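J.: Quick one: this structure, given as structure tokens, is what I'll be asking you about.
Bear in mind these aren't lab numbers, they're just calculated from the coordinates by the rules spelled out. Here the structure is a predicted model, which means the values were calculated and not measured. A quick note on method: Cβ atoms are made from the backbone with ideal geometry, for glycine too, and the neighbour counts reach across all protein chains shown.
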Amino acid sequence: MKRLLVMLLFVLSLVGCGKKEETKEVEEKKPEAIVELENKEVEINEEFINTSGIVKTENCELITTEEKVDTSSLGEKEITIVVKDLNNKEKNYSFKLNVIDTKAPVISGKSVINTTEGNKVNLLNGVSVSDNSKENIKATVDGKYDFNKAGTYKLQYVAKDSSGNESRKDFSLVVKEKPVVKSVEKTNNDNKEKSNSSSSSNTSSSKPINGTSSSLNGTKTSKGYTITVKNGITYINGIMIANKTYPLPKSYAPGGLTSATKNAANEMIAAAKKDGVDLYVASGFRSYDLQNRLWTNRKNKNGIAAADAGTARPGHSEHQTGLAFDMCGSGSGCISSTYHNSKGAKWMAANAYKYGLILRYPNGKQGITGYKYESWHFRYVGKDLASKLYNNGNWITLEEYFGVTSKYSY
Ligand SMILES: [Zn+2]
């Protein structure tokens with residue numbers, strides 16, 4: 001029986017081989033996909049984009065969309081990248097992402113604490129500890145002191161995270177001799193210092209956490225359209241609006257591109273392919289939190305004006321709608337001021353409207369949309385509106401069509 005099975009398998013494999021050879025001869029063999037990935041390390045809770053592990057891709061199209069990887073827990077995880085090779089076959093590749101924690105907590109608190117003999121104070125009052133692990137860490141006090149003995153005590157706050165990263169911060173406890181008269185004033189001073197030392201908050205941009213103010217609901221645009229604000233989300237004629245004037249609430253998170261948007265993108269990719277143009281989605285949905293981190297990082301590095309020039313403030317990015325994406329052409333650069341000269345960008349500018357997509361930030365409309373020309377950024381609005389806005393290649397923006405502005409008010 002066993003032998004029979006082995007024989008059968010052998011025969012089958014022969015048949016298989018024969019077939020393979022045949023097709024090889026008929027079809028011209030296309031070059032293999034080349035995908036090089038490298039393993040990466042990232043600090044806990046630091047931003048990591050899944051495509052950052054890609055060193056090189058050739059002879060294939062990236063299917064995986066750029067998105068943030070959850071880095072909130074320590075340890076190694078596998079990140080899979082999907083590509084489509086020139087034979088239209090999808091293949092998975094993966095690399096390892098190691099989430100580490102090498103950063104020590106940051107302690108903030110007073111550097112001098114004053115009191116008087118016999119007057120105990122809580123040395124941990126006003127002391128706070130933050131850590132990249134987001135753990136709740138309590139500081140402790142290291143060193144010897146005596147509230148009943150005047151003197152200056154050199155002490156340290158100590159904080160340690162669960163990965164063993166420890167930090168220390170020096171402070172002095174000054175215990176003054178008990179004055180012969182009374183010490184009411186002293187106590188007052190203490191309180192003042194306490195309130196001054198509250199750690200500086202890291203508010204990023206302020207406001208639009210709740211989206212557009214409901215007070216705009218029912219108001220008319222300059223073109224006579226009625227603005228509808230529902231749960232902080234702005235709609236005009238059923239079209240969701242997210243720009244510098246009309247933010248989305250923090251809570252609005254479709255989690256990915258909406259299915260209509262995804263279908264439109266796929267239809268466009270397929271049609272372009274027929275014309276010999278390879279396109280792929282480079283960036284789709286972006287959460288409020290991700291946008292907040294992107295913008296805040298840039299603001300901290302280069303200032304508000306520079307951050308605003310290239311990045312939407314949190315709540316104001318159209319990527320948060322799940323209706324917009326950046327579409328790139330394989331092989332040519334993307335998201336650059338010269339991308340519009342590429343084959344892919346030209347094809348999209350001429351054809352996107354057929355799939356219900358609009359070039360959202362056309363050339364020369366920066367004063368209206370609030371954004372420079374982005375030849376890669378497309379927005380789904382449905383075919384009817386898209387062909388109106390296409391306007392035979394002389395794009396009309398959503399702002400112009402509905403009569404609304406796109407300007408930050410804060
Ligand atoms: Zn974009």
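J.: Simple spin-label model, 7 Å along Cα-to-Cβ: Ala270 to Tyr235 in nm?
T.: Once both label points are built, they end up 2.8 nm from each other.
J.: Sticking with this one: Using the structure shown, list the pairs from Lys40/Lys68; Lys301/Lys346; Lys30/Lys273; Lys207/Lys407 with a Cα-Cα distance above 23 Å, or answer none.
T.: Numbers: Lys40/Lys68 14 Å; Lys301/Lys346 34 Å; Lys30/Lys273 16 Å; Lys207/Lys407 14 Å.
Check vs 23 Å cut-off fails for Lys301/Lys346.
J.: Suppose only helical runs count, i.e. DSSP H with n ≥ 4. What mean residue ellipticity at 222 nm does that imply for the chain under -39500 (n - 2.57) per run, divided by all residues and rounded to the nearest 500 deg cm²/dmol? Before the final figure, lay out the partial values.
T.: Values: 9 runs with 102 residues, N = 410.
Only helices count here, giving -7500 deg cm²/dmol.
J.: Just add up the charged neighbours of Ile63: K/R +1, D/E -1, any other residue whose Cβ is under 10 Å from the Cβ of Ile63. Don't skip to the end; give the middle numbers.
T.: On the way: positive: Lys84, Lys91; negative: Glu61, Glu90.
Cβ neighbours under 10 Å give a net charge of 0.
J.: Follow-up. Among 68-81, 157-170, 316-329, what's the highest-first ranking by average C-beta atoms within 10 angstrom per residue? Don't jump to the answer; show the numbers that get you there.
T.: Values: 68-81: 13.4, 157-170: 16.1, 316-329: 23.6.
Top to bottom by mean Cβ count within 10 Å: 316-329, 157-170, 68-81.
J.: Over the chain, what relative contact order in percent results from Cα pairs under 8 Å that are six or more residues apart?
T.: Working: 791 pairs, mean separation 42.6, N = 410.
Reported relative contact order: 10 percent.
J.: Please report, largest first and rounded to whole Å, the three semi-axes of the ellipsoid equivalent to the stretch 254-402, where each semi-axis is the square root of five times an eigenvalue of the C-alpha gyration tensor. If you can, show how the numbers build up before the last one.
T.: Working: eigenvalues 117, 55, 51 Å².
For the stretch 254-402, the semi-axes come out at 24, 17, 16 Å.
J.: Another one. What number do you get for the chain when its Cα radius of gyration is normalised by 2.2 N^0.38 Å, N = residues? Intermediate results must be reported in sequence, preceding the final value.
T.: Values: Rg = 30.0 Å, N = 410, 2.2 N^0.38 = 21.6 Å.
Cα Rg divided by the expected 2.2 N^0.38 Å: 1.39.
J.: Then there's this: Dividing the alpha-carbon radius of gyration of the stretch 106-176 by 2.2 N^0.38 Å (N being the number of residues), what value is obtained?
T.: Numbers: Rg = 13.1 Å, N = 71, 2.2 N^0.38 = 11.1 Å.
In units of the globular-protein estimate, the stretch 106-176 measures up at 1.18.
J.: Which of Cys60, Cys334 has the fewest other C-beta atoms within 10 Å, and how do the rest follow up to the most? Don't skip to the answer; put the middle values down first.
T.: Details: Cys60 23, Cys334 19.
Lowest to highest Cβ neighbour count: Cys334, Cys60.
J.: Each residue of the stretch 38-52 in turn: what ³J(HN,Hα) in whole Hz from Karplus with 6.51, -1.76, 1.60 and θ = phi - 60°, glycine and Pro shown as x?
T.: These are the phi-based 3J(HN,Hα) values: 10, 5, 10, 10, 9, 6, 4, 6, 8, 5, 9, 9, 3, 7, 5 Hz.
J.: Moving on to the next point. Testing the spin-label approximation: label points 7 Å from Cα along Cα→Cβ at Ser222 and Ile34. State their distance in nm.
T.: A separation of 5.3 nm, rounded to one decimal place.
J.: Okay, next question. Of Met348, Met240, how do they rank once you tally other Cβ atoms within 10 Å and put the fewest first? Intermediate results must be reported in sequence, preceding the final value.
T.: Working: Met348 25, Met240 22.
Fewest to most other Cβ atoms nearby, the residues stand as Met240, Met348.
J.: Lysine pairs in the stretch 106-176 with alpha-carbon atoms under 18 Å apart, 8 or more places apart or on different chains: how many are there?
T.: 20
J.: If we count every other residue with Cβ under 14 angstrom of Ser409's Cβ, Lys/Arg +1 and Asp/Glu -1, where does the sum land? Don't jump to the answer; show the numbers that get you there.
T.: Working: positive: Lys207, Lys244, Arg313, Lys407; negative: Asp308.
Summing Lys and Arg as +1 and Asp and Glu as -1 gives +3.
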